[in-house]
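The values are calculated or read from the model by the stated rules, or taken from the named source; none is laboratory data. These numbers come from a predicted model, not from an experiment. Glycine gets a Cβ as well: all are built from the backbone with ideal geometry, and neighbour counts include every protein chain shown. Protein only, heavy atoms only, side chains kept; ligands, DNA and RNA dropped before computing areas. Shrake-Rupley method; radii C 1.70, N 1.55, O 1.52, S 1.80 Å.
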Amino acid sequence: MSMNKTFDRPTIIHFNKIGNSSIGFISIAENSILPFDIKRVYWTYFTPQDVIRGHHAHKDLQQILFAVNGSIEVELITKEKETLKFNLSNPSEGLYLPPMCWRTLQFSHSAVLLCLASEEYTESDYIRSKEEFLKLIA
Ligand code: TYD
């Protein structure tokens, strides 16, 4: 188990940057500094700019999303019924998503999303109907 604090709300996590602009940078995510232990990593790429991905929430999954290249517009509806927008464009910043966040994502040209996830893939953890999601948070 990670010993670090978790967050109840979507939160930008700032990761250290090692390096400098003449050689480039390294950022590191390891379990000891994360709000959860990583069980899965996936990345999403070659998404056309006019496509909106996501359209789902997760019952239990926690995630940290990074735009490791390009920029990604993330729109959320939280379980507190807030609508939040984040523009991810800095590879050293990750967006922590707690469970029960409805999300849509729009990618800039050649953007790459990296996701650190607290659980392995289970389709039964997804809520893919917005109507059902809105009922669950009502
Ligand atoms: P999905 O999470 O719906 O992508 P997005 O929200 O970005 O549109 O996943 C797309 C497809 O990939 C879906 O059929 C499920 C499958 N998938 C896996 O099999 N394993 C995984 O870890 C993930 C993230 C998706």
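For this structure, a couple of remarks:
- Strands (runs of 3 or more DSSP E) (entirely within region 4-55) containing at least 1 residues that are under 28 Å from Ser129 (Cβ atoms): 11-14, 40-44
- Counting the residues of region 2-37 that are open to solvent by 50 Å² or more (accessible area, probe 1.4 Å) and farther than 20 Å from Asn90 by Cβ gives 8.
Rundown of residues vs (1) touching a strand residue (DSSP E or B) at 6+ places or on another chain (Cβ under 7 Å); (2) at pLDDT below 95; (3) over 14 Å from Pro10 (Cβ atoms), yes/no style:
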{"position": "Asp37", "(1), (2), (3)": "no, no, yes"}
{"position": "Ser92", "(1), (2), (3)": "yes, no, yes"}
{"position": "Tyr96", "(1), (2), (3)": "yes, no, no"}
{"position": "Leu114", "(1), (2), (3)": "yes, no, yes"}
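- When residues in region 9-52 are screened for being under 16 Å from the mean Cα position of the chain (by Cα), within 16 Å of the ligand (Cβ to nearest atom) and of a type in the set (A, V, I, L, M), 3 of them pass.
- Which numbered condition Ser110 misses (of (1) within 12 Å of the ligand (Cβ to nearest atom); (2) on the phi > 0 side of the Ramachandran plot): (1)
- Residues being more than 10 Å from the ligand (Cβ to nearest atom) and either in contact with a Ser or Thr (Cβ under 9 Å, 6 or more places away or on another chain) or over 16 Å from Arg103 (Cβ atoms) (or both) - total across region 115-130: 1
- Restricting attention to region 6-34, the residues that are closer than 20 Å to His58 by Cβ and in contact with a Pro (Cβ under 9 Å, 6 or more places away or on another chain) total 7.
- Of the strands (runs of 3 or more DSSP E) contained entirely in region 62-138, those carrying at least 2 residues that are open to solvent by 20 Å² or more (accessible area, probe 1.4 Å) fall at 63-69, 72-77, 83-88, 102-107, 112-117.
- Thr83 falls short of the stated requirement of being within 11 Å of the ligand (Cβ to nearest atom) and hydroxyl-bearing (Ser, Thr, Tyr).
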